[in-house]
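*Asks:* Starting off with a structure, shown below.
The values are calculated or read from the model by the stated rules, or taken from the named source; none is laboratory data. All values derive from a computational prediction rather than experimental measurement. Here the Cβ positions follow ideal geometry from the backbone for every residue, glycine too, while neighbour counts run over all protein chains shown.
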Amino acid sequence: MSTFDQIPECLVLEILYRLPPKSVYRFKSVSKRWKNLITEPSFMKSYLAISSSWTLISYFDSDVAYRDIPDEYKGVHFVTPQLSNYPLDTIPRCQRKNYLIASSGDLLLFSGPPSGWNVCNPFTKQWIEVPPQPRHRNSDSWGIGFISRVQDGVAQYKVVIITGTSYAGPPGYESRGTDVFHLATFCSEIGKWRNSKVSLPDYIRLLIPFLGCFSFNGAIHWIEDRLATMIAYNPSTNECRLIKMPIYFHRLSGINMVVNVCQGRIRCFEVSTYGLPPQELGSWSLWVLEDYDKGK
């Protein structure tokens, strides 16, 4: 029996729960006992609950023209309380035109050649190409969603594309927007695309592409282009709900604004620099969705 195997299991778990993901993955090679502990499905649930509840991902594209970004800052970076500036180096050099679309759990969704969609885990260095969607071009998408979960120790994910919209409400209101989404969903469990449609509780307009999407509470979330409504779509139940946004986030049409999950809650952050010289920081606004079920 090695020295590592003499450490009580409860103490080993307490140590592992507080390590960054990259270190936990490496520690599977310490001993067979440690590997069994880390690969247990219950370990991941406890790890996510006890470890840090937030991760910030920043992405700097080498083709950005309006700002001079040093080479060392280009690419995808993670910043967490335990893990500082961990660069993503899993993108093959031949695939330079990959764009970060969304993240969920430990997985990242990229848009790029050859099929159009790629999923990668930066910690395990795994790169998976999503099969092409039949009879649809990615450029026609109204919105793209991504959600993942760990089931019995295996990562599962879904890629959701809003391929079109339609209107099913009273005559004469078509100009208000849409109340039906047409969707194409790829499920990693079955390895196939499927088409569906879902009705919305009310009319909405187009989605803002540069705000992206995020997953929370089993649903994919987008923001419509008036910044008045957040759309939450649950791919497991094929249901949509609408959450009203704060009225004071409508001023700049999404410029200098980010919406995502931090410390277990949905938060909207905006920097207002309207009418200020470039050197001024402007005012900051933060909105927190305290009650997700009630939308308040």
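*Asks:* Report, by residue number, each residue of region 225-239 that is charged (D, E, K, R) and over 20 Å from residue 294 (Cβ atoms).
*Replies:* Filtering region 225-239 down to residues charged (D, E, K, R) leaves 225-226, 239.
Result: 225, 226.
Okay, residues lined up against (1) in contact with a Pro (Cβ under 9 Å, 6 or more places away or on another chain); (2) crowded, with 16+ Cβ neighbours inside 10 Å; (3) modelled with pLDDT under 50; (4) in a helix (DSSP H, G or I):
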{"position": "92", "(1), (2), (3), (4)": "no, no, no, no"}
{"position": "103", "(1), (2), (3), (4)": "no, yes, no, no"}
{"position": "108", "(1), (2), (3), (4)": "yes, yes, no, no"}
{"position": "147", "(1), (2), (3), (4)": "yes, yes, no, no"}
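*Asks:* A follow-up question, please. If you take the residues in region 153-177 that are farther than 23 Å from residue 111 by Cβ and part of a strand (DSSP E or B), which one is modelled with the lowest pLDDT? Give the steps one after another, and end with the answer.
*Replies:* First pass over region 153-177, keeping only residues farther than 23 Å from residue 111 by Cβ: 153-154, 166-177.
So of that shortlist, the ones also part of a strand (DSSP E or B) come out as 154, 166.
Values: 154: 79, 166: 71.
It comes out as 166.
*Asks:* Would you confirm whether any residue within region 271-283 is hydroxyl-bearing (Ser, Thr, Tyr) and modelled with pLDDT of 85 or more? Step through it out loud before you land on a result.
*Replies:* Pass one, region 271-283, residues hydroxyl-bearing (Ser, Thr, Tyr): 272-274, 283.
In the following step, the residues that additionally are modelled with pLDDT of 85 or more were identified as none.
No; the residues of region 271-283 include none that is hydroxyl-bearing (Ser, Thr, Tyr) and modelled with pLDDT of 85 or more.
*Asks:* State all residues of region 231-258 that are surrounded by 15 or more Cβ atoms within 10 Å (Cβ to Cβ), at pLDDT 70 or above and either touching a Gly at 6+ places or on another chain (Cβ under 7 Å) or of a type in the set (Gly, Ala, Ser) (or both); if no residue qualifies, say none.
*Replies:* Hits for region 231-258 are 232, 233, 234, 243.
*Asks:* Let me ask something else. Within region 186-203, can you find the residues that are more than 15 Å from residue 165 (Cα to Cα) and either surrounded by 15 or more Cβ atoms within 10 Å (Cβ to Cβ) or in contact with a Ser or Thr (Cβ under 6 Å, 6 or more places away or on another chain) (or both)?
*Replies:* Kept after step one, since they are more than 15 Å from residue 165 (Cα to Cα), are these residues of region 186-203: 186-194.
Correct list: 186, 187, 188, 193, 194.
Let's see how each residue does on (1) within 17 Å of residue 145 (Cβ to Cβ); (2) at pLDDT below 70; (3) part of a strand (DSSP E or B); (4) over 19 Å from the mean Cα position of the chain (by Cα):
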| residue | (1), (2), (3), (4) |
| --- | --- |
| 180 | yes, no, yes, yes |
| 186 | yes, no, yes, no |
| 197 | yes, no, yes, yes |
| 203 | no, no, yes, yes |
| 222 | yes, no, yes, no |
